[in-house]
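The values are calculated or read from the model by the stated rules, or taken from the named source; none is laboratory data. Because the structure is predicted, anything quoted here is derived from the model rather than measured. Because the Cβ atoms are built from the backbone with ideal geometry, glycine has one as well, and the counts that use them run over all protein chains shown. We work out accessible area using only protein heavy atoms, side chains counted, and drop any ligands, DNA or RNA first. Shrake-Rupley method; radii C 1.70, N 1.55, O 1.52, S 1.80 Å.
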Amino acid sequence: MSRLKFVVHRKGIDACREIVSEDLVQRGVDIALLRTGSIDECGPLHPPRPLAEPDPRGLGGTLIQRVKVPKGEVSFRTFHRLAELTEMYGDKLLRTTNRQNIEIQGVRAEDGEALRRAVLDLGLETSDFFGLTDVVTCVGTTYCPLAVTRTHDLFDMLQELVADSAYAAVRDAVVVNITGCPNACSPYRIADLGFRGMRLRTKLGSVEGYETRIGGTQQRHGELLGTFRFEDCVNITRAVLNAFLELRSGRETLADNVARVGIEPYRKAVAGLGITHEAACLPAEYSVDVGDGASELDKATYAKDVPCAAACPAGTRVPQYIERIAAGDLDGAYLINQEDNVFPGVLGRVCSRPCEPACRHNRTGTEGEVRICHLKRYASDGRSFTPSPLEPWFEPSGRRVAIVGSGPSGLTAARELRRYGHDVTIFEAEKVLGGMMRLAIPAFRLPRKALDAEVAAIMESGIQVRTGEWVDSERVVELLGEFDAVLLAAGAIRPWSLDLPGLPEDAAVAGVTFMRAFNLDRARPPDAPVIVIGGGFTAVDCARAARRLLGPDGGDVSLVYRRTEAQMSAGLSEIEEIRGEGIEVRTLLAPVSVRADGGRLRGVTFQRMMLTDEVREDGKPVIKPLEGSEFEEPCGTLVAAIGQSRVIEVFPKGTEVDGTGTSVEGLFVAGDVRYGSLDVIHAVADGKAVSDHIDRWLSGKERRRKVVRIDALDGGWTGRLRDHDLMQAPAMPTLTVGSRTAHDEVDLGFGKVAAMANALRCYLCNHKYEIDQDKCIHCEWCIKVMPRECIRRVRRIFHDEDGSVADFVETELPRDATYIWIDSDNCIRCGACLRACPVDAISCRRTESAHVPTTL
């Protein structure tokens, strides 16, 4: 029966019926002859207290001899003798009741006395089968590996109350059930007074205790009185009985009384004992079980659990779109990215990938991070539709916003403001849209087809555009008079100059100028050797563009950086690519002077640099020159890709920048013009942030807020296996070096096999496996099945100011464990623990960052 109860609890009554029916068919039973309706359809209900009958009778009026089995256990010899007695006096069947006692049925009236004496000779009782005199413990207490160990001790301790004459008047009115089994397969919930064994959390470890309920019947579960240590349960019982004596009316049972007066008088009686224990707090990591969590705890926990999403400046829901890819839903994956980072096809190629160093695979040492960026591109390349505008959030507002600049921050803000319901007009100095995405990034890294499709999806939402129109500070003042708000998103387009002794004026080409000419097909082959100064993406692009202009045999191209490759903004993959194209990468070198002849460059003198232990605010080490290490390198073209500064002349006089706002009413800033030269993903994030700021200013309220959406995952099965951790991530296939041109994309994109191999490796960190500490019994079955060190015996847990788990103290001793706790940093989301847990203490919830309308 316990197995059936387990099935009903986990799978439902229909699954239980299927199991029983299958078993009966296998035994040759014609189930068509059976009545399978609910109990009220199959006949009259059992009386509420059937064991209280003084003279039980069976079919045909034969006697039923009951045998009281204390604690639900008898020796084999005693059990064998009882079997003999039913052969001698009964119907040859030995039955157990739902209170673990024994019945011998079919006894003739004339044999009743002889049978009763034989039972008494065994040292067993034949009377007092009900109420306090029949305190019952679950038989599984001795054998069940899940049960707490002191249930029989509690039985013995309660006998002093059973024998106490003070409670004689209510002995038949209080049914007591004790179970050590956390599965609750014994009926402690339907007893007048029920005890369920559990582990109680204390400040430093856990102790054996009991959840105590009172007032239960077959029709109504008892109400929770509290959780108490083992040694306190006798006093708790005494307090309940004393309160019952005072509150009882007529022949009420305890259950009847609780139904009439409620549980509060009993809680008050127990509180009067002053019994307390230092209960450790629940280590809940979200403020709600399911629904929208908007607290700082929810946001902090999500950021800790989903490090890739937290590292993405635009807040891309990385696990969600990778899960869609793994399921073959490329359209769904693309739409998630379009919503979150605006330019999936672009960022799938040129993103600086802050998410990938944050990937938990880097912590676990299993084949490197998931190729998150490449998967974004795979979904973009494989979508079945042309990108189109996203649905608006609100109705038209009638408010007008001017945006200066059509780079990633300006276009992002335009899209979001349009969804807020505002009219948007973009002013762009160039003849084309896209800003540095179009003018600074070469086509061999970013095909214009991918950029055009995503720009069009923004513009088709009804955004007006005026290209070829330069906006200066005077024009900004005019726009402030014409529009309700103005956003400056013009970028950082003034290159830093290279000031070196001996360098002729305009002899060094700025990196952005070099790339603009290359991307507009206006560049001529440079004079070799070409030296590019810098360590960022623009420097890398300049070196690769120069290589293409010169051809494979047209002369040397080198990239020179004053620190090491570890401090370069360009990633290791970009460095490997330029080396593969025959470009030399030289580090810890700084230019100190230039030699020219007749206005033409002839050589650059470099000085070797060395790193120091001192670190700058941006995290890069301070460098210092190595005295006497100067040397000259021949140079025909010098490209200075050392960064750009903001064009501050666009600001009206006296403007002060404060975040995405300014001191000028109605004037806002975003992207490179606010913080200097960065990258596309940061510009997108800033465009989203400033659009929220502008809408708050225009509407006078916050109309959308960020939440963590939490849903229960039915069955808790993500599909992940330990084997997925060990899969090798295929590299991005590329064009051969000999076939690379100025416009053909070098990276060819993942095929299905490579994409699936990467997608299946994702840890799906947005799934949260968590242990309900009130249900957990410290059986440690979850620890036994964990595929890696992800479930821990924890003595103490420390929280940060937001309430999120910041640290913990682990213990190897089970008795010292306050919690059995799932370490999300090491959890691989396989669900083995959930499936193994015998008490349903482990749940799995799917979490997702979302924005919802704000109700004011």
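Considering helices alone, the calculated mean residue ellipticity of the chain at 222 nm is -9000 deg cm²/dmol, with DSSP H runs of length four and up weighted by -39500 (n - 2.57) and normalised per residue.
Each residue of the stretch 66-74 was assigned a 3J(HN,Hα) from its phi angle through the Karplus curve 6.51 cos²θ - 1.76 cosθ + 1.60 (θ = phi - 60°); the sequence is 8, 10, 7, 10, x, 6, x, 9, 9 Hz, with glycine and proline shown as x.
Counted by Cβ distance under 13 Å from Ala754, the other residues give a net charge of +2, where Lys and Arg count +1 and Asp and Glu count -1. Amide H contacts under 5 Å for Ser352: Val680, Ile681, restricted to partners 5 or more places along the chain or on a different chain, H placed in the peptide plane at 1.01 Å from N. Distances between every pair of Cα atoms in the stretch 691-750, grouped in 10 Å steps from 0 to the bin holding the largest one, split as 14, 16, 14, 23, 28, 5 percent. Using the Cβ of Cys233 as centre and a radius below 13 Å, the other residues enclosed give a net charge of -2, where K and R count +1 and D and E count -1. With viscosity set to 0.692 mPa s at 37 °C, what whole-number translational diffusion coefficient in µm²/s follows for the stretch 229-299 from Stokes-Einstein and a Kirkwood radius over Cα pairs? So the translational diffusion coefficient is about 214 µm²/s.
Sequence-distant contacts, meaning Cα pairs under 8 Å at least 6 residues apart, place the relative contact order of the stretch 250-390 at 19 percent. Rg and Dmax of the stretch 392-457, both derived from C-alpha coordinates alone, stand at 13.2, 42 Å. Compared with the rule-of-thumb size 2.2 N^0.38 Å for a compact globular protein, the stretch 70-143 has a Cα radius of gyration ratio of 1.11.
Pairwise Cα distances in the stretch 775-837 exceed 18 Å for 36 percent of all pairs.
Viscosity 1.567 mPa s, temperature 4 °C: what is the translational diffusion coefficient of the stretch 662-794 from Stokes-Einstein with a Kirkwood Rh over Cα pairs, rounded to a whole number of µm²/s?
On the way: Rh = 21.2 Å.
Roughly 61 µm²/s, to the nearest whole number.
Using C-alpha pairs under 8 Å with a sequence gap of at least 6, the mean separation divided by the residue count of the chain gives a relative contact order of 11 percent.
Report the Stokes-Einstein translational diffusion coefficient (µm² s⁻¹, integer) for the stretch 718-856, Rh taken as the Kirkwood radius over Cα pairs, at 4 °C with viscosity 1.567 mPa s.
Details: Rh = 18.3 Å.
The diffusion coefficient I find is 71 µm²/s.
The overall shape of the stretch 374-486, judged from the alpha-carbon gyration tensor, is oblate: a/c is not under 1.5, and a/b is no greater than b/c.
Label the stretch 441-548 by shape, choosing from rounded, prolate and oblate, from the square roots a ≥ b ≥ c of the eigenvalues of the Cα gyration tensor; if a/c is under 1.5 it is rounded, and otherwise prolate applies when a/b is larger than b/c, oblate when it is not.
Oblate shape, in that a/c is at least 1.5 and b/c is the bigger or equal ratio.
Of all DSSP beta bridges confined to the chain, the antiparallel ones make up roughly 65%. Relative contact order of the stretch 688-786, taken over Cα pairs closer than 8 Å and 6 or more residues apart, is 20 percent. With the cut-off at 40 Å, report for the chain the share of all Cα pairs above it, as a whole percent. Here the tail beyond 40 Å accounts for 56 percent of pairs. Any idea how far the Cα center of the stretch 575-622 sits from the one of the stretch 231-270, in Å? One Cα centre to the other: 84 Å. In terms of its C-alpha gyration tensor, the stretch 579-715 comes out prolate, because a/c is 1.5 or above and the ratio a/b outweighs b/c.
Of the GluC sites (Glu not before Pro) in the stretch 790-856, the ones in a loop by DSSP (not H, G, I, E or B) with at most 14 other beta carbons within 10 Å are Glu801, Glu812. Extension gain for the segment Ile13 to Ala742, taken as residue separation times 0.36 nm less the Cα-Cα distance, is 255.7 nm to one decimal. Counting only protein heavy atoms and a probe of 1.4 Å, the accessible surface of the chain is 50% carbon and sulfur. The 3J(HN,Hα) values that the Karplus relation (6.51, -1.76, 1.60; θ = phi - 60°) gives for the stretch 267-283 are, in residue order, 5, 5, 5, 5, 4, x, 6, x, 7, 9, 9, 6, 6, 6, 5, 6, x Hz. Gly and Pro appear as x. Accessible surface calculations at 1.4 Å, restricted to protein heavy atoms, place the chain at 46 Å² per residue. Largest first and in whole Å, the equivalent-ellipsoid semi-axes of the stretch 502-603 read 21, 17, 13, each the square root of five times a Cα gyration tensor eigenvalue.
The Kirkwood hydrodynamic radius of the stretch 721-780, based on inverse pair distances between different Cα atoms, is 15.5 Å.
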